[in-house]
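Peer 1: One structure follows; several queries about it will come next.
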Amino acid sequence: MPASGFDASYYAASAHSQPRFPPLQGAIQADVCIIGAGYTGLSAALHLAEKGHQVVVLEAAKVAQGASGRNGGQVCVGLNLSQSELEQQLGSEHARQLWNLSLEAVQLVKDLIARQHIDCDLKQGILHTAFKPSHVGRMQRETEHLQQAYGYDGVRFVPGDELHSMLGTDRYHGAQLFGEAVHLHPLNYALGLCAAAVQRGVRIFEDSRVLEYSNGYSPGSQTADGIRVQTPQGSVRAGALVLACNGYLGKLEPRIAGKIMPINNFIVATEPLDAGLAHSLIRDDVAVADSKFVVNYFRLTGDRRLLFGGGENYSSRFPADIPGFVRRHLLQVYPQLANTRIDYAWGGTLAITRNRMPFFRRLDNNLYVAQGYSGHGIALATLGGKLISDAISGSPQGFDTFARIPTAGFPGGTLLRWPALVAGMLYYQLRDRLS
């Protein structure tokens, strides 16, 4: 784990608690085995346990130590593709179903926080800002489309002059304000899900990397012998398996590894800011994400730090100087913070798909996967876990709505996807720089 990873984050430093669970030792049984203790795995575990299933979660490191404990904390409405794009690609009915599920995802996060009494600095509102003047018209048209075709009044278009009174920067030219979207402390949210799952009888094992699994199910058979999952010191026999690994899948399941690309993203948190300065940066305490292909995103934390994410890389290593790597993006937006101290800087790995849409599939009838959230992980992974629970319990409609999205693999599979991605990203970064 790099020194600039999970332990170096503002979230780890401000977590309410960090429970520890033992590694798996010996052979155990469960109805469902889940690999990965991030949002997808914890949500699936909680919802399955509430339905009466016996659940085991295997985590290679610590609970929420991956992207679920390191991200920007934004719980966004919608998907990475606009509804207009989804209608063109998938048809109006499928697009509308996905829109409704995206609204359900945000509401599910809010409901879980309220029902489980999770203290995670929940705040209202996200601004999606236009990085270029050419992006403004598209945002305005999409806002009108959501209002008129979908009857959605939770979004409004913000013209440039009003936006400049809301943010202490002239970097952006207009925005969409999603009033029903929220932002939060992502690690404390994940730990709240963990506590709720454990309270309902879920067994969690940390430092239990899955080495391999074998599936007794065979197509056409009326019975299944179950799945055996092997860790260094133990094994689990279960009727169903959930792969909730996302960017940390590695080579565990080659059939789906080529559908995602792990990439690294980086965040800094400043020193606590004076109340007046914080108000001048983000007047209404909303979160912000811009329309660059490599997105800048930022918000104020509960103790008035500016948390700013910017920049990516596509290697197995983090930059040697993460504060310097991110600071240049921060100062392009807020040059007035040139002398502001950065107290925390960290990176993490997420998974993207070629079309930036989540990848849901059922393999071998009793093996479920949800991954590739492409930056929308808090809402969609929480929902993904619930939809997996529904599917295992006999109600697959929501899961199947996502599973019907066509998802091409990266060219060259896992072997050649890196150079292809880097070439593509460099092209889009160049487009970001051009007006």
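Peer 1: Mind listing whichever residues of region 28-49 are in contact with a Lys or Arg (Cβ under 6 Å, 6 or more places away or on another chain) and more than 15 Å from Val236 (Cβ to Cβ)? Before you say what the answer is, go through the steps one by one.
Peer 2: As a first pass, look at region 28-49 and keep what is in contact with a Lys or Arg (Cβ under 6 Å, 6 or more places away or on another chain): 29, 43, 47, 49.
The answer is Ser43, His47, Ala49.
Peer 1: Moving on. Let me spell it out: the conditions are (1) in contact with a Leu (Cβ under 9 Å, 6 or more places away or on another chain); (2) touching a residue at least 60 places away in the same chain (Cβ under 8 Å); (3) more than 18 Å from Val294 (Cβ to Cβ), and Arg356 meets all of them except one. Which number is the exception?
Peer 2: Evaluating Arg356 over (1) in contact with a Leu (Cβ under 9 Å, 6 or more places away or on another chain); (2) touching a residue at least 60 places away in the same chain (Cβ under 8 Å); (3) more than 18 Å from Val294 (Cβ to Cβ) leaves (3) as the failure.
To keep it simple, each residue is scored yes or no on (1) in contact (Cβ under 8 Å) with a residue 60 or more places away in the chain; (2) part of a loop (DSSP other than H, G, I, E, B); (3) out of contact with any His (no Cβ under 8 Å at 6 or more places or on another chain).
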residue: Pro19; (1), (2), (3): yes, yes, yes
residue: Gln29; (1), (2), (3): yes, no, yes
residue: Val32; (1), (2), (3): yes, no, no
residue: Ala45; (1), (2), (3): yes, no, yes
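Peer 1: Regarding region 202-214, can at least one residue be identified that is at pLDDT 95 or above, among the basic types (Lys, Arg) and either over 28 Å from Phe308 (Cβ atoms) or not assigned by TED's automatic domain parsing to the domain that holds Arg328 (or both)?
Peer 2: For region 202-214, residues at pLDDT 95 or above, among the basic types (Lys, Arg) and either over 28 Å from Phe308 (Cβ atoms) or not assigned by TED's automatic domain parsing to the domain that holds Arg328 (or both): present.
Peer 1: Based on this model, can you work out whether Glu50 counts as buried (at least 22 other Cβ atoms within 10 Å of the Cβ), of a type in the set (D, E, K, R) and over 23 Å from Leu184 (Cα atoms)? Before you say what the answer is, go through the steps one by one.
Peer 2: Values: buried (at least 22 other Cβ atoms within 10 Å of the Cβ): no; of a type in the set (D, E, K, R): yes; over 23 Å from Leu184 (Cα atoms): yes.
The answer is no for Glu50.
Peer 1: Any residue in region 262-273 that is free of Cβ contacts under 8 Å to residues at least 60 places away in the same chain sitting within a Cβ distance under 9 Å of a residue that is assigned to a strand (DSSP E or B)? List the pairs, counting only those 6 or more apart or interchain.
Peer 2: Sorted first by the residue in region 262-273, then by its partner, the pairs are Pro272/Asp343.
Peer 1: Could you list, in sequence order, all residues of region 65-98 that are more than 22 Å from Asn296 (Cα to Cα), within 18 Å of the chain's Cα centre (by Cα) and hydrophobic (A, V, I, L, M, F, W, C)?
Peer 2: Across region 65-98, the qualifying residue is only Leu98.
Peer 1: When the residues of region 326-364 are narrowed to those that are closer than 18 Å to Ala244 by Cβ and of a type in the set (S, T, N, Q), which ends up surrounded by the fewest Cβ atoms within 10 Å (Cβ to Cβ)? Can you show your working first?
Peer 2: Of the residues in region 326-364, the ones closer than 18 Å to Ala244 by Cβ are 348-353, 357-364.
Remaining after also requiring of a type in the set (S, T, N, Q): 349, 353.
Working: Thr349: 17, Thr353: 21.
Step by step, filter region 326-364, then rank; the result is Thr349.
Peer 1: Residue by residue through region 290-314, note down the ones that are closer than 26 Å to His16 by Cβ and in contact with a strand residue (DSSP E or B) (Cβ under 6 Å, 6 or more places away or on another chain).
Peer 2: Tyr297, Phe298, Arg299, Leu300, Thr301, Arg305, Leu306, Leu307, Phe308, Gly309
Peer 1: Of the residues that make up region 129-139, is at least one over 30 Å from Cys194 (Cα atoms), at pLDDT 95 or above, assigned to a loop (DSSP other than H, G, I, E, B) and among the polar types (S, T, N, Q)?
Peer 2: No, that holds for no residue.
Peer 1: Keeping to region 294-350, report how many residues are of a type in the set (Ser, Thr, Tyr), touching a Leu at 6+ places or on another chain (Cβ under 8 Å) and farther than 19 Å from Ser68 by Cβ.
Peer 2: Within region 294-350, residues that are of a type in the set (Ser, Thr, Tyr), touching a Leu at 6+ places or on another chain (Cβ under 8 Å) and farther than 19 Å from Ser68 by Cβ number 3.
Peer 1: Also, quick follow-up: Look through Gly78, Gly66, Gly91, Gly38 and report the one residue that is surrounded by 23 or more Cβ atoms within 10 Å (Cβ to Cβ) and more than 28 Å from Thr231 (Cα to Cα).
Peer 2: Step by step, each of Gly78, Gly66, Gly91, Gly38 is checked, and only Gly78 is surrounded by 23 or more Cβ atoms within 10 Å (Cβ to Cβ) and more than 28 Å from Thr231 (Cα to Cα).
Peer 1: Looking at region 372-391, which of its residues are modelled with pLDDT of 95 or more and buried (at least 24 other Cβ atoms within 10 Å of the Cβ)? Spell out the reasoning first.
Peer 2: So the first thing to find is which residues in region 372-391 are modelled with pLDDT of 95 or more, and the list is 378-391.
Ile378, Ala379, Leu380, Ala381, Thr382, Leu383, Gly384, Gly385, Leu387, Ile388, Ser389 - these are the residues of region 372-391 that are modelled with pLDDT of 95 or more and buried (at least 24 other Cβ atoms within 10 Å of the Cβ).
Peer 1: Please state which one of Ile260, Ile322 is under 30 Å from Glu212 (Cβ atoms) and surrounded by 22 or more Cβ atoms within 10 Å (Cβ to Cβ). Please lay out each step first, then the result.
Peer 2: Numbers: Ile322 fails: under 30 Å from Glu212 (Cβ atoms).
Checking each option against the conditions leaves just Ile260.
The values are calculated or read from the model by the stated rules, or taken from the named source; none is laboratory data. Not measured: the values here are computed from a predicted model. As a convention, Cβ positions derive from the backbone with ideal geometry for all residues, glycine included, and neighbour counts pool all protein chains shown.
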